[in-house]
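A.B. asks: Below is one structure. I have some questions about it.
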Amino acid sequence: MRYDVVIIGGGLSALVCGIRLQRSGKSVLLVSSGQNAMHFSSGSFGFLGRLPDGSVPDGLIDAVQALPESHPYRKVGTDRLREYAGQTIGFFESAGILLHGDPLHNSLRLTASGATKPAWLAMEDVTLFLSGEVSSSGKVLVVTLKGFTDFNAPFVASAFSRMGYTCRLEEVEMEEIASLRKNPTEMRSVNIARALEGQHVLDRFISCVRGKLKDEDTVVLPQVFGLKDTSPLAAIRSRIPAHVHFIGTMIPSVPGIRTQMSLKSAFLSAGGTFLPGDTAVRAGFDGSGSVAAVFTSNLGKTPLEAGEFILASGGLWGKGLDAKYDAVIEPLFSLDVDYPGERKQWYDPDFFARQSFTGFGVVTDDAFRAVKGGKTVPNLRVIGAECGGANPLEEGSGAGIAIMSAFMAADSILGSI
Amino acid sequence: MIHNEHIRSSNFEECIKCTICTEFCPVIEVNPLFPGPKQAGPDGERFRLKNSFFFDENLKYCMNCKRCETACPSGVKIADIIHSARMDYGTVIPHLRERILAGTDVMGTLARPFAPIVNAVAGSKAGKTVMDKVLGIDHRRSFPKYAGHGFIGWFKKEKASIQDSFPSQVAFFHGCSVEYQHPEVGKAFVEVLNAVGVGVRLMDEKCCGVAMISNAMWPQARRNAIHNLKEFRKAGLPVVTTSSTCTLTLRDEYPNILALRNDDVREDIVIVEKFLSDMLDEGDIKLVFRPDYKAKVAYHVPCHMEKLGWSIFTRRLLEMVPGLELTVLDPGCCGIAGTYGFKKENYQYAQAIGQPLFDEIRAEDPEYVVSECETCKWQIEMSTGYKVVNPIVLLYEALDLDKTREANMR
Ligand SMILES: Cc1cc2nc3c(=O)[nH]c(=O)nc-3n(C[C@H](O)[C@H](O)[C@H](O)COP(=O)(O)OP(=O)(O)OC[C@H]3O[C@@H](n4cnc5c(N)ncnc54)[C@H](O)[C@@H]3O)c2cc1C
Ligand code: SF4
Ligand code: SF4
């Protein structure tokens, strides 16, 4: 089977790149072995939350200059970064996803510990703040659902109290949710979101919360609303007379899943081909060192051929890298990986310290072309968390890198750069 | 038992508890009795290994659509775990109904000579009442009709003698539905393959066993599987099919549920759309279509085709047909899942599962629906009134067979 572009991966970077290419008239096939980091998303995107010196930048684009030259943002370059950052909200809107935030500056989002963290753009669930102050009256009501342990409401409430707010905790008990408890392991965010999708269930939930509200001006709820679309969020916000903030639960992430599904539908409706639940297992190169074909476990000996290939396989976390005892390898194409040679330097035994392994990635040239045995592979680009030169977890730059590198790879294939 | 080793040692610990499978399971959305893939699969397995007391008969509500497996980020073979657990711990003995529904070949042989009578009885109000009350086969369900003359008889009489004259050969695993209900699918298969210069051989096949697996008739399923694998090895040819469910069963359920190794023949078992597409890629065949063919169709990807990951081949062939206006329907289960939807206790769930698909078909209003699965066909035809055809039948109608034959003369 032959396509213009074959993309390996099904996460944020693969889908963004696939949509951009397919909409510009390329035939694109995406092969994705499983779900991806979006299913674990906080509901907001990070661009650059922390500089190497530990400070939080305000203006995002200029701050990029402080990053090492091999960083993906430096490859995109400041002019193009500014242009791409400016296009991001519109791009997602065209895929049915409303993002908000200042594309060129950091805002703040609320975490489960009651503290605020830098964030770039956010899904509708997440409120972005300009300052650390969450409630002007200082009174916060935290509401959870009875039996739902993946949202630690007492912890959230005490965190708010510690931050100086007057905080009350209430539980809502609902029959539809209680029936999930027959199987304790099904009491998870997505199942609750599904149970709350029915209009009358949602109505009852809203009136329960209204009943519990006293003089608070701020209500905090878990992110368990709107798996298919965001209408439950709008209903809650318009009918509860307070500022409503939704805070992340344990995985899976309802806003992340919704966003991922919308991107996938946008890709499909642009005419793209998606192979879910399939893994690229082997690649073939031609005499000149270009990739000729990729083989997958489902398709067996049928090759997937294309003029251009993109690797968006998510790094160590997405199984796009494989850590052997004494080496970190890229298993599909055997590309050069950027990591310290000594295993001792891969990680810090202090779990919370800066971890070097979260920054391993494939070595690329300035246009995100992969390097293999020191030589550039002319028709293979590497994007998102698979791309080396950055430490997304440390920098709070995961989504930003995924989107910026996806735009750039697409544009260079389209010949516009 | 080998299958315990096989599934358990390798797989259930790989679950990272993300519940993504649950999000994709069509049954849990409509049936509160079903524990859901995560609980029924990897989570429950942990308990069952300690004590079979934890086995839950409600695992039977899993219709083995495998949508959970396609979605799982860790590659957990969830449905295989569920059905292996049913095999090992299930205490329910299959009743007459299960035997009737699962005995697709035996029932076919018995029903065949009396096809008009059987069809009339199965379709009549009285017949349906009896099936409902006595057997628990839902009276609202319409039965697929038995064809009076089977595929094999036609093949032997009309086609068998010329097959050796073709330069290459395949073995056709036609499955029960081609023989008993839809011989037109088998005829289209033979005509199209012959036109591109490929000869067709039949084997002494038995039902692939999918319905036996879902109706807990394990020894029968294994017997059939062992027999079929022996036939495949004897044939030594590509084994080509027209049904997505048979294909998945032969390739994946044999090793994963019935613990029968098939790695020596697995790669050779393919559905005809993949077979043709690969031949086109290799430049081995050419297809010439009729200039006057026109149709507006909607393609429903059966769950098992989705799991095989092969719908791209069907789509590619359909897109080659010049006069075809094609819509690919949203991925979603039709609700029938083989014999599942025939059972009285499942009927309402089966219909609820399929509802979004039925609505989409009505909104598209195609001339007909295309799908590789015979039970999807029965379900969609009964629930929407739209006719469903196998893609090979569409290709047969759209191809200019004479010109194709000429183009493939070697
Ligand atoms: C737990 C977690 C939470 C995060 N939360 C946030 C957040 O809240 N905000 C933020 O900005 N960033 C977050 N990040 C950073 C995240 O890495 C990026 O935001 C971004 O989503 C990465 O996207 P990606 O497409 O590069 O990789 P991924 O999303 O990891 O996707 C990689 C994909 O490739 C597939 N794949 C791998 N190998 C193969 C193969 N051989 N064949 C086929 N498919 C293959 C995988 O199955 C997967 O679908 C988080 C990261 C993690 C790990
Ligand atoms: S999708 Fe896979 S990993 Fe996630 S809970 Fe289900 S079985 Fe476990
Ligand atoms: S096979 Fe289908 S019905 Fe069974 S658990 Fe998985 S998704 Fe649900």
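A.B. asks: If we keep just the residues of segment A:6-40 that are in contact with a helix residue (DSSP H, G or I) (Cβ under 8 Å, 6 or more places away or on another chain), open to solvent by 20 Å² or more (accessible area, probe 1.4 Å) and polar (S, T, N, Q), which is nearest to A:D79 (Cα to Cα)?
C.D. replies: Checked segment A:6-40; the qualifying residue nearest to A:D79 (Cα to Cα) is A:S24.
A.B. asks: Can you tell me which residue within segment A:164-192, out of those that are assigned to a loop (DSSP other than H, G, I, E, B) and touching a Ser or Thr at 6+ places or on another chain (Cβ under 9 Å), is modelled with the lowest pLDDT?
C.D. replies: The selected residue is A:M187.
A.B. asks: Something else now. Can you spot a residue in segment B:305-316 that is modelled with pLDDT of 95 or more, open to solvent by less than 30 Å² (accessible area, probe 1.4 Å) and over 21 Å from B:T245 (Cα atoms)?
C.D. replies: So far as segment B:305-316 goes, no, none of its residues is modelled with pLDDT of 95 or more, open to solvent by less than 30 Å² (accessible area, probe 1.4 Å) and over 21 Å from B:T245 (Cα atoms).
A.B. asks: Those residues that are at pLDDT 95 or above and among the β-branched types (V, I, T), I need them from segment B:169-218; list them, please.
C.D. replies: B:V170, B:V185, B:V190, B:V192, B:V196, B:V198, B:V200
A.B. asks: Also, quick follow-up: Has segment A:41-53 got at least one residue that is buried (at least 24 other Cβ atoms within 10 Å of the Cβ), within 6 Å of ligand 1 (Cβ to nearest atom), under 18 Å from the mean Cα position of the chain (by Cα) and within 30 Å of B:I312 (Cβ to Cβ)?
C.D. replies: Yes, some residue in segment A:41-53 is buried (at least 24 other Cβ atoms within 10 Å of the Cβ), within 6 Å of ligand 1 (Cβ to nearest atom), under 18 Å from the mean Cα position of the chain (by Cα) and within 30 Å of B:I312 (Cβ to Cβ).
A.B. asks: Might you check whether a residue that is modelled with pLDDT under 95 and in the same structural domain as A:T273 (by TED's automatic domain parsing) occurs anywhere in segment A:21-29?
C.D. replies: no
A.B. asks: Out of B:R67, B:R86, I need the residue that is within 11 Å of another protein chain (Cβ to nearest Cβ), closer than 22 Å to B:E345 by Cα, crowded, with 20+ Cβ neighbours inside 10 Å and in contact (Cβ under 8 Å) with a residue 60 or more places away in the chain. Which one?
C.D. replies: Just a single option satisfies the conditions, and that option is B:R67.
A.B. asks: Kindly indicate whether any position in segment A:94-108 is more than 26 Å from A:I383 (Cα to Cα) and surrounded by 14 or more Cβ atoms within 10 Å (Cβ to Cβ).
C.D. replies: yes
A.B. asks: Filter the strands (runs of 3 or more DSSP E) completely within segment A:276-341 down to those with at least 3 residues that are in the same structural domain as A:A37 (by TED's automatic domain parsing), under 15 Å from A:V5 (Cα atoms) and of a type in the set (A, V, I, L, M, F, W, C). I'd like the intermediate steps shown before the answer.
C.D. replies: Details: elements: A:280-285, A:291-296, A:304-311.
Here the list reads A:291-296, A:304-311.
A.B. asks: So, one more: Would it be correct to say that B:K294 is farther than 19 Å from B:A211 by Cβ and open to solvent by 30 Å² or more (accessible area, probe 1.4 Å)?
C.D. replies: Yes, satisfied.
A.B. asks: In segment B:34-63, which residue that is within 19 Å of the chain's Cα centre (by Cα) and more than 15 Å from ligand 2 (Cβ to nearest atom) is nearest to the other protein chains (Cβ to nearest Cβ)?
C.D. replies: B:Y61
A.B. asks: Looking at (1) open to solvent by 10 Å² or more (accessible area, probe 1.4 Å); (2) in contact with a Phe, Trp or Tyr (Cβ under 9 Å, 6 or more places away or on another chain), which one does B:K274 not meet, given that it meets all the others?
C.D. replies: (1)
A.B. asks: Select from segment B:22-33 the residues that are within 14 Å of ligand 2 (Cβ to nearest atom) and free of Cβ contacts under 8 Å to residues at least 24 places away in the same chain and list them in ascending order.
C.D. replies: Residue satisfying the conditions is B:I28 alone.
Residues checked against (1) open to solvent by 20 Å² or more (accessible area, probe 1.4 Å); (2) modelled with pLDDT of 60 or more:
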| position | (1), (2) |
| --- | --- |
| B:P32 | yes, yes |
| B:D43 | no, yes |
| B:R46 | yes, yes |
| B:A79 | no, yes |
| B:T91 | yes, yes |
| B:G108 | no, no |
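A.B. asks: Report, by residue number, each residue of segment A:349-366 that is open to solvent by less than 60 Å² (accessible area, probe 1.4 Å) and at pLDDT below 90.
C.D. replies: A:A353, A:Q355, A:S356, A:T358, A:G359, A:F360
A.B. asks: Which condition from (1) open to solvent by less than 10 Å² (accessible area, probe 1.4 Å); (2) under 14 Å from the mean Cα position of the chain (by Cα); (3) under 18 Å from B:L395 (Cβ atoms) is the one that B:C208 breaks?
C.D. replies: So the condition that B:C208 fails would be (3).
A.B. asks: So which residues in segment A:208-257 are within 14 Å of chain B (Cβ to nearest Cβ), β-branched (V, I, T) and outside any loop (DSSP other than H, G, I, E, B), if there are any at all?
C.D. replies: A:V254, A:I257
A.B. asks: Pull out all pairs, ordered by first then second residue, where Cβ-Cβ is under 9 Å, the residues are six or more apart or on different chains, the first lies in segment B:153-172 and is closer than 23 Å to B:I285 by Cα, and the second is outside any helix (DSSP H, G or I) and hydroxyl-bearing (S, T, Y).
C.D. replies: Sorted first by the residue in segment B:153-172, then by its partner, the pairs are B:F172/B:T241; B:F172/B:T242.
A.B. asks: So for segment A:258-271 (the condition being of a type in the set (V, I, T) and either at pLDDT below 95 or touching an Asp or Glu at 6+ places or on another chain (Cβ under 8 Å) (or both)), does at least one residue qualify?
C.D. replies: Scanning segment A:258-271 turns up no residue that is of a type in the set (V, I, T) and either at pLDDT below 95 or touching an Asp or Glu at 6+ places or on another chain (Cβ under 8 Å) (or both).
A.B. asks: Regarding A:A312, is this residue closer than 30 Å to B:I16 by Cα, away from chain B (no Cβ under 14 Å) and modelled with pLDDT of 95 or more?
C.D. replies: Taking the combined requirement at face value, the residue satisfies it.
A.B. asks: How about segment B:234-344: which helices (runs of 4 or more DSSP H) wholly inside it have at least 3 residues that are within 16 Å of ligand 2 (Cβ to nearest atom) and more than 14 Å from every other protein chain (Cβ to nearest Cβ)? Full working, then the answer.
C.D. replies: Numbers: elements: B:244-248, B:272-281, B:303-308, B:311-320.
Qualifying helices (runs of 4 or more DSSP H): none found.
A.B. asks: Here is a further query. Quick check on this structure: which one of A:V140, A:V201 is within 17 Å of A:I240 (Cβ to Cβ) and touching a Cys at 6+ places or on another chain (Cβ under 7 Å)?
C.D. replies: Exactly one residue qualifies, and that residue is A:V140.
A.B. asks: Restricting attention to segment A:292-305, does a residue exist that is more than 14 Å from every other protein chain (Cβ to nearest Cβ) and of a type in the set (S, T, Y)?
C.D. replies: No, segment A:292-305 has no match at all.
A.B. asks: Follow-up. Of all residues in segment A:308-328 being under 15 Å from the mean Cα position of the chain (by Cα) and within 16 Å of ligand 2 (Cβ to nearest atom), which is surrounded by the most Cβ atoms within 10 Å (Cβ to Cβ)?
C.D. replies: The qualifying residue surrounded by the most Cβ atoms within 10 Å (Cβ to Cβ) is A:G314.
A.B. asks: Related question: Can you name every one of the helices (runs of 4 or more DSSP H) wholly within segment A:36-101 that holds 2 or more residues which are farther than 24 Å from A:G256 by Cα, of a type in the set (D, E, K, R) and modelled with pLDDT of 95 or more?
C.D. replies: Working: elements: A:60-63, A:72-76, A:78-94.
The qualifying helices (runs of 4 or more DSSP H) are A:72-76, A:78-94.
The values are calculated or read from the model by the stated rules, or taken from the named source; none is laboratory data. Quick caveat, the model's predicted, so the values are computed rather than measured. Cβ atoms come from the backbone with ideal geometry, glycine included; neighbour counts cover every protein chain shown. Accessible surface is based on the protein model in full, side chains and every heavy atom, while ligands, DNA and RNA are left aside. Shrake-Rupley method; radii C 1.70, N 1.55, O 1.52, S 1.80 Å.
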